[in-house]
Amino acid sequence: MEERLQKVMAQSGVASRRACEELIKENRVQVNGKPAHLGQKVDPTRDLISVDGQPLATEETRRYFVLNKPFGYITTSKDQFGRKSVLDLLPGVKERVYPVGRLDYDSEGLVFLTNDGDLAYRVTHPKYELPKTYVVRLKGRITMDAIYRLRTGVILEDGRTIPAEVEALKPEGDDSILRITITEGRNRQLRRMCNKVGFQVVRLQRTAIGPLTLGKLPSGTHRSLTMKELQSLKKAVKL
């Protein structure tokens with residue numbers, strides 16, 4: 001069955017449809033050895049599609065990774081400021097994979113990467129309500145009123161947040177440590193939530209995405225998902 005090329009590319013995990021359109025415009029995509037054009041229709045079971053010389057992922061070449069992102073890396077493939085990308089931390093991975101969702105430059109922790117477009121879509125789409133858990137260090141001692149506001153929803157400039165699960169952990173010095181679980185993925189959401197209730201984030205680390213956890217994975221390293229983890233993740237997003 002033929003479908004638009006950018007849709008097929010997005011489903012294969014290359015990038016968003018809009019980003020795929022840009023790749024086509026930049027003449028980085030070929031179909032059956034010839035330059036592709038925007039709006040072209042293809043049959044992924046019959047046509048050979050490649051991006052920058054690399055064929056699109058098939059079911060046999062789909063890859064799934066968990067990476068422990070250090071401070072100072074971006075979760076996109078390109079950056080106008082020349083900053084390091086989490087893709088630089090995947091030596092030896094030949095397949096084209098992409099980070100699913102964002103994690104700020106100044107945040108750390110779990111990043112999920114894959115070239116499975118269908119799964120990536122569900123992991124990031126709000127309707128599947130996949131929980132993400134973070135350990136957040138705040139400057140100063142948190143108040144019960146602030147915790148209550150985080151739990152019940154905070155009004156930000158882009159609307160009220162969905163109630164979060166918040167657990168106060170053992171403080172470190174004069175700083176508070178919270179474990180916060182949310183199902184949204186707004187830009188710098190946790191930092192904005194904490195600022196709104198009067199506390200500055202000193203450190204933010206994502207420790208889990210749905211059933212995926214960091215465990216003892218060292219910072220800056222990655223590993224493949226186990227079959228059990230992959231099955232659990234697909235079940236969590238109803239795939």
Open item on the list: Being within 21 Å of D88 (Cβ to Cβ) and aliphatic (A, V, I, L, M) is the filter here; which residues of segment 213-239 pass it?
Closed with: L214, L217, L225
- [ ] Output the number of the condition that R151 fails; it satisfies all remaining conditions of (1) assigned to a helix (DSSP H, G or I); (2) within 18 Å of the chain's Cα centre (by Cα); (3) more than 30 Å from V93 (Cα to Cα).
- [x] (2)
Open item on the list: I want to confirm something. Restricting to segment 186-200 and keeping residues that are more than 19 Å from F71 (Cα to Cα) and in contact with a helix residue (DSSP H, G or I) (Cβ under 9 Å, 6 or more places away or on another chain), which single residue is modelled with the lowest pLDDT?
Closed with: R186
- [ ] Taking A19 as meeting all but one of (1) in contact with a strand residue (DSSP E or B) (Cβ under 7 Å, 6 or more places away or on another chain); (2) assigned to a helix (DSSP H, G or I), write down the number of the exception.
- [x] (1)
TODO: State yes or no: is R203 among the basic types (K, R), modelled with pLDDT under 95 and outside the structural domain of L103 (by TED's automatic domain parsing)?
DONE: no
Open item on the list: Among the residues of segment 205-227, what is the count of those that are under 15 Å from the mean Cα position of the chain (by Cα) and in a strand (DSSP E or B)?
Closed with: 8
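The values are calculated or read from the model by the stated rules, or taken from the named source; none is laboratory data. What you are looking at is a predicted structure, and each value in this text was computed from that prediction instead of being measured. Positions of Cβ are backbone-derived with ideal geometry, glycine not excepted, and every protein chain shown enters the neighbour counts.
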